[in-house]
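*Asks:* My questions will all concern the structure given below.
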Amino acid sequence: MRGVRTAGAGIGLALAASVGLAQSPAAKLGRIQPVDAPDSLSSVGIVARGQAGEQGKPATPMPPAGGQAVPGGGLQMPRQLPGPTVTEQRGPAGVAPAATFSGPIPYGVPYGQPIPVGHPVVVGQPIAAATFTPPSVFPTGPLACPSPDLDPALCGGACGPLGLLTGPNKWQFNADLLLWWISSPRFPALVTTGIPQSNGIPGAPGTQTLIDGDSLSNSFHTGGRFGGVYWFGCEQRWGFDGNVWFVGPTGKEAAANSGANGLLARPFFNLNQGIPFSELITYPGLATGSVAVTTETYMWGAEANLRRFLLGSPCSRLDLLFGFRYVGLNEELQITEQFARVPGSPTNVGNPSVVAGSVTDKFRTENHFFGAQVGLAGEVRRGRWFTEGRASIAFGEVFQSVDINGAQLLQLAGGTGSFGGGLLALPGANIGRFTQEQFAVVPEVGFKVGLHVTPRLRAAVGYNFLYLSSVLRPGDQIDTGLDVTRIPNFPLPGTITPLQTVRPAVPLRDSGVFAQGVTFSLQYTW
């Protein structure tokens, strides 16, 4: 029995020891214990370092920051690891807790929200970096604009989810050099020459045209354009787009004198007699002199638009434009002849009392277009390179006017005299100011190809074409059919009956004009 009792006591002692060990702090550390369970570690006397012990026992010292050993044998604290950690958030009963980032949030994950489904997080394991593709458009919430970066090989750079955004900037300023050609106006034959027997009359044998539309063609003009865009927000969905531009004023002069051409004449049609006719400026043995014809063209415009983002990708975008457009075109034609009578010349030709003088005709036209405009503007980027396109059309009214004037300043045998009217501009007929209004359209297309020099500065070269469907031009307002009785100091043989109709008339004949050419551009964004 003693042996049996001894064995039984041993078994009982072993059972008691195992039960006591199971309730010990070490045993409690070997299993998961909820933090809010009533049987927590503190209930069995486990004391954290730095807290007071039981029954007045001294506190276990805390190790210093950085994980240094405590003199006297303290435990080493681990170093804090960099990067995001995971915390547990308790939700309603029956709902599994969701882990959230306590470090930097990946792009596209809203702040303070659980990680989206499909991003599993394992407690105690490092969190893998989330893979995220930027959307084609910005979310509705406020996000920081992308910063300039020109390193990506294909796209990106100064380019965000809406496409083509140059950093967190709202201003874009453009400066363009314009090298444009404007379609030349039409002119009738203004100055002729020929053999003395022809008198410079068109159609007569030996008559040649010296100055007309071909000799006055001057279509090349230089100018500038300045404008830009102001975006109302970093998302660049709405903006204000505007610019002003000009070309010219640029002129052309064609001249002739009696030294090179003994005969100079200004042709017209004599309506009173129904025959071609001419006014002689110079004639061998009768008069010497010169004639000069000058033209000037000045074109300019402005536009102001609201700009709305339509669609895009990280490397392209397309915007809608709608707003207001103005285009102006002013032109002028002036014909000035100077002559002096040769001493001893026949007195039966012309007015013998006129010794010398000058005759001037001037035609000036103005066109001012005002209209509503709609258009599209887009851009595509590949690394540092970009292509930009723009097309618009405006509908509105063009206010047109023509000013016609003429004068003669003559040196007479008894003094000097000035007279209203020249040759093609005559008093009581077409001298004065005349206006009209016309419906017109203004389409424009253009494109540029350029390179980002820096994240904020880029340069480009492009082409523009602009058309205004209705304008008055000086050459079209010249009526070469004249009532010769209205020409001052213009003696005629015999008796000439005045016309019942007023001639020269003011045709107010309109036509279209286009401007096209090369554009060199700089754009700065801030």
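Values in this text are rule-based calculations from the coordinates and carry no lab data. Note that the structure is predicted; figures quoted are calculated from it, not measured. All Cβ positions, glycine included, derive from the backbone under ideal geometry; neighbour counts span all protein chains shown.
*Asks:* Can you work out the FRET efficiency for the pair PHE514 and PHE269, with r the C-beta to C-beta distance and R0 = 35 Å, to the nearest 0.05?
*Replies:* Details: r = 31 Å, r/R0 = 0.89.
Computed FRET efficiency for PHE514 and PHE269: 0.65.
*Asks:* Let me ask something else. Subtract the Cα-Cα distance of LEU492 and LEU451 from 0.36 nm times their separation in residues, and report this length gain in nm to one decimal.
*Replies:* Working: separation 41, 0.36 × 41 = 14.76 nm, distance 6.98 nm.
Full extension from LEU492 to LEU451 adds 7.8 nm.
*Asks:* Any idea which of PHE268, GLY227, GLY378 is furthest toward the positive side of the dipole for region 171-525, if Lys and Arg beta-carbons carry +1 and Asp and Glu beta-carbons -1?
*Replies:* Result: GLY378, furthest along the dipole toward the positive end.
*Asks:* In whole Å, what is the distance between the alpha-carbon centres of region 383-453 and region 299-336?
*Replies:* For region 383-453 versus region 299-336, the Cα centre distance is 20 Å.
*Asks:* Another question, then. I need the phi-derived Karplus couplings for region 502-511: 6.51 cos²θ - 1.76 cosθ + 1.60, θ = phi - 60°, integer Hz, Gly and Pro marked x.
*Replies:* 8, 9, x, 9, 10, x, 6, 7, 9, 7
*Asks:* Between ALA175 and PHE434, what length in nm is gained on full extension when 0.36 nm per residue of separation is reduced by their alpha carbon distance?
*Replies:* Values: separation 259, 0.36 × 259 = 93.24 nm, distance 3.72 nm.
This chain segment gains 89.5 nm when fully extended.
*Asks:* Still on this structure, please answer the following. Given the convex hull over the Cα atoms of region 448-526, what projected area results after averaging over all orientations, in nm²? Spell out each step's value before the answer.
*Replies:* Details: hull surface 39.3 nm².
One quarter of the hull surface, i.e. the mean projection, equals 9.8 nm².
*Asks:* Note down the magnitude of the dipole of region 171-525 about its Cα centre, charges +1 on Lys and Arg C-beta and -1 on Asp and Glu C-beta and zero elsewhere, to the nearest 20 debye. Can you show the working numbers first?
*Replies:* On the way: 24 positive and 25 negative charges, 192 e Å.
Here region 171-525 has a charge dipole of around 920 debye.
*Asks:* Return VAL354, VAL461, VAL442 ranked ascending by Cβ neighbour count within 10 Å, so the fewest neighbours appear first. Let's see the in-between values first.
*Replies:* Working: VAL354 19, VAL461 13, VAL442 23.
Ascending Cβ contact count within 10 Å gives the list VAL461, VAL354, VAL442.
*Asks:* Under 5 Å between amide H atoms, partner at least 5 residues away or on a different chain: which partners does LEU210 have, H built in plane at 1.01 Å?
*Replies:* VAL191, THR192, THR193
*Asks:* Can you compute the modelled spin-label distance between GLU397 and PHE240, with each label point 7 Å from Cα toward Cβ, in nm?
*Replies:* In this crude label model, GLU397 to PHE240 measures out at 2.7 nm.
*Asks:* Also: How much FRET efficiency would the formula 1/(1 + (r/R0)^6) give for PHE370 and PHE232, where r is the Cβ-Cβ distance and R0 is 25 Å, rounded to 0.05? Intermediate results must be reported in sequence, preceding the final value.
*Replies:* On the way: r = 26 Å, r/R0 = 1.04.
FRET efficiency, PHE370 to PHE232: 0.45.
*Asks:* How much length, in nm to one decimal, is gained on full extension between THR485 and LEU318, taken as 0.36 nm per residue of separation minus their Cα-Cα distance?
*Replies:* Working: separation 167, 0.36 × 167 = 60.12 nm, distance 6.43 nm.
Residue separation times 0.36 nm, minus the Cα-Cα distance, leaves 53.7 nm.
*Asks:* Okay, next question. Based on the Cβ-Cβ distance from LEU522 to ARG186, what FRET efficiency comes out when R0 is 41 Å, to the nearest 0.05?
*Replies:* Numbers: r = 37 Å, r/R0 = 0.90.
The computed FRET efficiency comes out at 0.65.
*Asks:* Rounded, prolate or oblate: which fits region 360-484, taking a ≥ b ≥ c as square roots of the Cα gyration tensor eigenvalues, rounded meaning a/c under 1.5, else prolate when a/b beats b/c? Walk me through the numbers on the way to the answer.
*Replies:* On the way: a/c = 5.00, a/b = 2.61, b/c = 1.92.
In terms of gyration-tensor shape, prolate.
*Asks:* OK, next. What whole-number value in cubic angstrom gives the convex hull volume per residue for the C-alpha atoms of region 171-525?
*Replies:* On the way: hull volume 54.4 nm³, N = 355.
Taking only Cα atoms, region 171-525 has a hull volume of 153 Å³ per residue.
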